[in-house]
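The values are calculated or read from the model by the stated rules, or taken from the named source; none is laboratory data. It should be emphasised that the depicted structure is a prediction, and the values quoted were computed from it without experimental measurement. As a convention, Cβ positions derive from the backbone with ideal geometry for all residues, glycine included, and neighbour counts pool all protein chains shown. Accessible surface is based on the protein model in full, side chains and every heavy atom, while ligands, DNA and RNA are left aside. Shrake-Rupley method; radii C 1.70, N 1.55, O 1.52, S 1.80 Å.
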Amino acid sequence: MIKEAMNKLLNDEDLTFIEAKEVFDEIFSGLANIVETTSFLTALEAKNPTEDEISAGIISCNDSFKNPLATFSNEQIQNIVFNNSNYFDFSVTNDIICAANGLNSVDFTSNQSNKKQILKELGFNFENKISDFETTNLIYNTLDNDEPFIKYTSKISSSTGFLSVLNIINKFINPTKARNVFLGVNNKNEVEKYARIMLKLGYQNSIVIASNNDLPFISSSKDSVVAEAWKNKIFTYVVNWELMGFQKKDDEELKVENDKQAASIIQEVLNNKRKDVFYEGIVINSALALYITKKADSLMDGIDLAKKTIENSLAAEKFNQFKKNYQ
């Protein structure tokens, strides 16, 4: 199928969902060789992948997972942030605050991910992981080298020299079938596109955000676009720091020098020792995650809940509980 698909792509034709799924099934089963796979990904990127093509790749990858965890009955959320350069990564604190409110958060990624590098600075040892949803509501699972995504595409990802659809698929690896996704993207013009992908992937309620200055989180200085995918419909609206109850700031204040500084900020905020722009950003972005999982009835209720989770030491307790599994 990959050769037929290549002919269509080179003629600037889109693949149907079924056609794309067949190609990715070939890739993640090892039936396509490196040259074929690289050529296919290059042609797909040159054409610009559609929602169907991206969705097919994500589903095929998750279907190929060798040792999927059981599907849990409780609410689950997957936090995904596209490259945020030198800015603070809100996904770690989103995970902790959601977990402190009884939500299961899951993460399947490489040991070199930004999130895991920050947690290592906080003393986490991912060689000693204990997967335990029952007590911590959190699982950070490192992808093994024999998983099809790593086995059949890792060399391609490092040699193509451009960001292919594999970079998107990598963000969505999750065989536990999370019910909700909190997604930050770098391009405000793609917010609705990814919301439609959320619907295609079958997530119950999801939120996709990007700021007007193309940051993958709620900007402290400009309006941010939010696309909410809920019950097969998409609702798009604008939010900003002031609407969420805080004074406008400069986004430059949200930059961090390194993972060590980011880790220090997380610890100080979770221990209720910091009430600056980072604290506000953590509260706002967590509020969105709490809202889409219906732990909060509105964004403002989410703000209140996120604040209380920090102020009542629930976030710090959950963090310490989680850390014990990785020491």
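So here's what we get for this one:
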quantity	calculated
Those helices (runs of 4 or more DSSP H) lying entirely in the stretch 119-224 with at least 2 residues open to solvent by less than 10 Å² (accessible area, probe 1.4 Å), at pLDDT 85 or above and closer than 17 Å to S55 by Cβ	165-171, 191-201
Leading residue by the ranking (surrounded by the most Cβ atoms within 10 Å (Cβ to Cβ)) among those in the stretch 293-327 that are closer than 19 Å to S219 by Cα and among the hydrophobic types (A, V, I, L, M, F, W, C)	A306
Any hit, the stretch 259-279, residues being farther than 27 Å from K318 by Cβ, of a type in the set (S, T, N, Q) and open to solvent by less than 60 Å² (accessible area, probe 1.4 Å)	no
Test: residue in the stretch 225-247 that is part of a helix (DSSP H, G or I), buried (at least 16 other Cβ atoms within 10 Å of the Cβ) and out of contact with any Asp or Glu (no Cβ under 9 Å at 6 or more places or on another chain)	no
Options L15, L10; residue that is of a type outside the set (V, I, T) and within 22 Å of L199 (Cβ to Cβ)	L15
Residue count for the stretch 1-24, restricted to those that are assigned to a helix (DSSP H, G or I) and either at pLDDT below 95 or among the hydrophobic types (A, V, I, L, M, F, W, C) (or both)	14
Unmet criterion (only one of (1) free of Cβ contacts under 8 Å to residues at least 12 places away in the same chain; (2) within 22 Å of K171 (Cα to Cα); (3) of a type in the set (K, R)) for K21	(1)
Some residue of the stretch 47-66 being closer than 30 Å to I282 by Cβ and modelled with pLDDT under 90	yes
Top-ranked residue in the stretch 26-46 [being of a type in the set (V, I, T) and over 16 Å from N7 (Cα atoms); ranked as modelled with the highest pLDDT]	I27
